[in-house]
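Take a look at the structure set out below.
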Amino acid sequence: MSVIAVVGAQWGDEGKGRVVDYLAADAGLVIRYGGGNNAGHTVVNPHGHFKLHLVPSGIFHPGIRNLLGNGVVINPIALLGEMDGLATAGVDCQNLFIADRAHLVMPWHPLIDQLEERERGAARLGTTSRGIGPAYVDKVARRGLRIVDLLEPEAFRRSVSTALERIRRTVADYYRAGDPGDELAPLIAEATDEAAIVDAYLAAGEQLSSHVVDGQAMVDAALDAGDRILLEGQLGTMRDIDWGVYPFVTSSSPIPGGASLGAGLPAVRIDRVLGVAKAYTTAVGAGPLPTELTDVDGDELRERGVEYGTSTGRPRRCGWYDAVAVRFSVRLAGYSSIALTKLDVLDRFERIRVCVAYRDPQSGRRWETVPASASVYARLEPVYEDLPGWNADTRAARSWPDLPPEAQAYVRRLEALAGVPVSHVSVGPEREQMIVRA
Ligand code: GDP
């Protein structure tokens, strides 16, 4: 029996979904522990090519239970849409469960998201506009609505009515009414239509009710049965609410501490933490990214790596591997080992750069870790070490000796810089394109 947390070691989009899909074959339970439908986990397997936003990546393995943990915030309409899409592709969602304590994303949350982003102007965070941050704000402010509330229609009606009184005041604060040309006007009307919201959410609650469980009890039973449990993270350490590059962070905790909280599992029961890192760096949204490339190498990484957001389609910012950021993540998350993804994307480079430290051009100071201040971080420059490329196609490699010597040297160097072993190397999105090192 083992409990494995699969955690993003960079800025998100490291390929966690693909790693979970790979590991899920012998799991009993897969749990998403944080975030909402801002996540986008791409999974390519014999069933097809899927973009999962809420549903855990274990859903493709028949017989495996998949739980949306209490730490996830759930838009039930979006969830039903995702389940419909999966059903159409022949993927059965009977084994999908939803923790009753999970909070709801209400229609006013995406609206607040957009109003706040507009207010921030040039300082916008670049959120996905799905209302995830505002849903977590309501959770922490102790006024959120939860999955369990959908099962109590009268109380739910009253809670929506109370919430909307406040939302109308908030909207009036941000928004000058009487601007009919404003693109947010229809969204405001929709997000404050009390009767329609109550009807739609209660109907969704009815449809989802057979999937709602006491998440902790389900986890407990799986632990007792000795099942393998996978904890599926979203985003990565550099977007962690406490440890990421604040304020360019998500509103939950992607690191293993967040996994314990958001899945309802004692921290001491996590046996192994697998960090997922891309062989280079990408990020979506705003904030400092020291190794970002705005030249042909950046374009090459984006095109070869198909670096466009799963949820939003936005082009991802791309750059060389940042060993400082990954080391920071290793210290926080305590990885047992790292799964290095997308090595194949580097197949055509003559020279590959790795950021081994940062340098502050103002003071000349060398940084070996990530500073707390985003404005300090924004001015730090990467200190690079150059490694030779391998200029060969690695996509057909299935075992370590199949990799060219330069690719092996690159992986070994990243391993030394991270201070933990690289246990998995992936050379393509398909299930079998995974090299497992002993
Ligand atoms: P997640 O949110 O961490 O699950 O990551 P995403 O799904 O947003 O992004 C990872 C993308 O890379 C997906 O499109 C995967 O299909 C793809 N991918 C994962 N591993 C590899 C790999 O080793 N090579 C290539 N070329 N693509 C990969």
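Membrane-span-like helices in the chain (whole DSSP H runs, Cα extent of at least 24 Å along the helix axis, mean Kyte-Doolittle hydropathy of at least -1.0): 153-174. A straight line joining the Cα centroids of the stretch 333-410 and the stretch 59-131 runs 32 Å.
Rounded to the nearest whole angstrom, the semi-axes of the ellipsoid equivalent to the chain, taken from the Cα gyration tensor as √(5λ), stand at 36, 27, 19, largest first.
Mean-square fluctuations from a GNM of the chain, with a 10 angstrom spring cutoff on Cα atoms, peak among Val330, Val160, Val55 at Val160. Considering only Gly15, Gly85, Gly262, the mean-square fluctuation computed in a Gaussian network model of the chain, springs between alpha carbons under 10 angstrom, is largest for Gly85. About its Cα centre, the stretch 307-393 has a charge dipole of approximately 360 debye under the convention of +1 per Lys or Arg Cβ and -1 per Asp or Glu Cβ, with nothing else charged. Label positions at Glu350 and Ala374, each projected 7 Å from the Cα along the C-beta direction, are separated by 3.8 nm. Can you work out the PRE-style zone for Val383? Point 7 Å along Cα to Cβ, and I want the residues of the stretch 236-271 with backbone N under 15 Å. The answer is none, because no backbone nitrogen lies closer than 15 Å to the label point. Summary value for the chain: 20 percent relative contact order, contacts being C-alpha pairs under 8 angstrom separated by 6+ residues.
Within the listed set Asp344, Asp173, Asp393, the residue fluctuating most in the Gaussian network model of the chain (springs between alpha-carbon atoms under 10 angstrom) is Asp173. In a simple Cβ point-charge model (Lys, Arg +1; Asp, Glu -1; nothing else charged), the chain has a dipole of about 980 debye relative to its Cα centre. With 0.36 nm allotted per residue and the present C-alpha distance subtracted, the Ala225-Ala185 stretch has 9.2 nm of extension available. Taking 7 Å steps out from each Cα toward its Cβ at Ala409 and Arg168 produces label points 7.0 nm apart. For Phe97, nonlocal amide neighbours, meaning residues 5 or more places apart or on other chains whose placed amide H falls under 5 Å from its own, are Asn66, Leu67, Leu68. Take the chain, mark every one of the GluC sites (Glu not before Pro) that falls in a DSSP loop and has at most 12 other Cβ within 10 Å, then report the longest stretch left between them, sites excluded. With a cap of 12 other Cβ atoms within 10 Å, the longest stretch comes to 1-182.
Residue-wise HN-Hα couplings along the stretch 361-377, as the Karplus relation 6.51 cos²θ - 1.76 cosθ + 1.60 with θ = phi - 60° gives them from phi, are x, 6, 9, x, 5, 8, 10, 10, 9, 8, x, 5, 8, 5, 6, 5, 4 Hz; Gly and Pro carry x.
Taking label points 7 Å from Cα along the Cα-to-Cβ direction, Arg398 and Glu303 give a separation of 3.1 nm. In this structure the amide hydrogen of Ser426, modeled in the peptide plane, comes within under 5 Å of the amide hydrogens of Leu340, Thr341, Lys342, Leu343, Ile435, none closer than 5 places in sequence on its chain. Evaluating 6.51 cos²θ - 1.76 cosθ + 1.60 at θ = phi - 60° for every residue in the stretch 277-290, the Karplus couplings come out as 10, 7, 6, 9, 10, 9, 8, 10, x, 8, x, x, 8, x Hz, glycine and proline recorded as x.
Throughout, read-outs are computed from the coordinates displayed, never taken from laboratory work. All values reported here derive from a predicted model rather than from experimental measurement. All Cβ positions, even for glycine, are placed from backbone atoms using ideal geometry, and neighbour counts span all protein chains on display.
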